[in-house]
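Novice: One structure coming up, written as structure tokens, with questions to follow.
The values are calculated or read from the model by the stated rules, or taken from the named source; none is laboratory data. Please read all numbers here as calculations on a predicted model, not as lab measurements. Glycine also receives a Cβ, built like all others from the backbone with ideal geometry; neighbour counts cover every protein chain displayed.
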């Protein structure tokens, strides 16, 4: 399969739930905050549907960098903010007519091997949305076996969490785990070979570690409270 052209990220994609959202809140008016700006699909959709202003918030600096190529077309109707949606009340600076949160990881992050989110590409074990703070490599190489098992079970619903955590601790005793391929290989050895149509054995573990690294549940709780 040919590599995805990163230049495509300069243009806002159309999120799957954009049209259902617009239909549910029609008519779209006033000031909206898109707390997971990403490639800008929701922000652009809201503006074109009638929103007076959209405040686009994202903690990933790449998202705001890529938006520079098209955001100017909306003038002061689109305001971009580097930050977390957990502080959306601060970013809004006043009353809002609506808030959009499209949670999880984006293709913009998954498709870039250097971001370390995906086992589909070998890259540094990073997973940081903000590109600051503790990385996934820091976590898997320093956390206790019990902590790793809890993360895998609570955030990934991984039934083999204890077995995988034990394997991670055993592997890092020989050498640090620094790449996505290393971690995926360790996890895969702990689980049965998937049948056709089943997810990759490392899917739940990667999800769990990503959630822990980015404190996603805490961010969501604070964001909902701020809204």
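Quick grid of which residues meet (1) over 12 Å from residue 100 (Cβ atoms); (2) modelled with pLDDT under 95:
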site: 4; (1), (2): yes, yes
site: 29; (1), (2): yes, no
site: 34; (1), (2): no, no
site: 45; (1), (2): no, no
site: 54; (1), (2): no, no
site: 68; (1), (2): yes, yes
site: 71; (1), (2): yes, yes
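Novice: Of 183, 152, 139, which residue is more than 30 Å from residue 64 (Cβ to Cβ), touching a residue at least 12 places away in the same chain (Cβ under 8 Å) and out of contact with any strand residue (DSSP E or B) (no Cβ under 7 Å at 6 or more places or on another chain)? Walk me through how you get there before you give the answer.
Specialist: Working: 183 fails: more than 30 Å from residue 64 (Cβ to Cβ); 139 fails: more than 30 Å from residue 64 (Cβ to Cβ).
Every option except 152 fails the conditions.
Novice: Looking at residue 127 and the list (1) surrounded by fewer than 20 Cβ atoms within 10 Å (Cβ to Cβ); (2) at pLDDT 95 or above; (3) closer than 24 Å to residue 58 by Cβ, which single condition is not satisfied?
Specialist: (1)
Novice: Residue check: is residue 215 in contact with a strand residue (DSSP E or B) (Cβ under 9 Å, 6 or more places away or on another chain), surrounded by fewer than 17 Cβ atoms within 10 Å (Cβ to Cβ), outside the structural domain of residue 85 (by TED's automatic domain parsing) and under 23 Å from residue 91 (Cα atoms)? First the steps, then the outcome.
Specialist: Values: in contact with a strand residue (DSSP E or B) (Cβ under 9 Å, 6 or more places away or on another chain): no; surrounded by fewer than 17 Cβ atoms within 10 Å (Cβ to Cβ): yes; outside the structural domain of residue 85 (by TED's automatic domain parsing): yes; under 23 Å from residue 91 (Cα atoms): yes.
So residue 215 fails the test.
Novice: When the residues of region 140-160 are filtered to those that are assigned to a loop (DSSP other than H, G, I, E, B) and in contact with a helix residue (DSSP H, G or I) (Cβ under 7 Å, 6 or more places away or on another chain), which remaining residue is surrounded by the most Cβ atoms within 10 Å (Cβ to Cβ)?
Specialist: Going through region 140-160, the residues assigned to a loop (DSSP other than H, G, I, E, B) turn out to be 143-144, 157-160.
This time we only want the ones that are in contact with a helix residue (DSSP H, G or I) (Cβ under 7 Å, 6 or more places away or on another chain), so: 157-158.
On the way: 157: 11, 158: 25.
Result: 158.
Novice: Sticking with this structure for a sec: Residues 181, 163: which one is over 22 Å from the mean Cα position of the chain (by Cα), surrounded by fewer than 19 Cβ atoms within 10 Å (Cβ to Cβ) and assigned to a helix (DSSP H, G or I)?
Specialist: Working: 181 fails: over 22 Å from the mean Cα position of the chain (by Cα).
Only one candidate qualifies: 163.
Novice: Look at residue 191 and say whether it is more than 19 Å from the chain's Cα centre (by Cα) and outside any helix (DSSP H, G or I). Reasoning before the result, please.
Specialist: Details: more than 19 Å from the chain's Cα centre (by Cα): yes; outside any helix (DSSP H, G or I): yes.
Yes: the conditions hold for residue 191.
Novice: Would it be correct to say that residue 172 is buried (at least 17 other Cβ atoms within 10 Å of the Cβ) and assigned by TED's automatic domain parsing to the domain that holds residue 117?
Specialist: On the way: buried (at least 17 other Cβ atoms within 10 Å of the Cβ): yes; assigned by TED's automatic domain parsing to the domain that holds residue 117: yes.
Answer is yes for this residue.
Novice: Would you check if there is a residue in region 119-139 being in contact with a helix residue (DSSP H, G or I) (Cβ under 8 Å, 6 or more places away or on another chain), in a helix (DSSP H, G or I) and assigned by TED's automatic domain parsing to the domain that holds residue 168?
Specialist: Yes, region 119-139 has at least one match.
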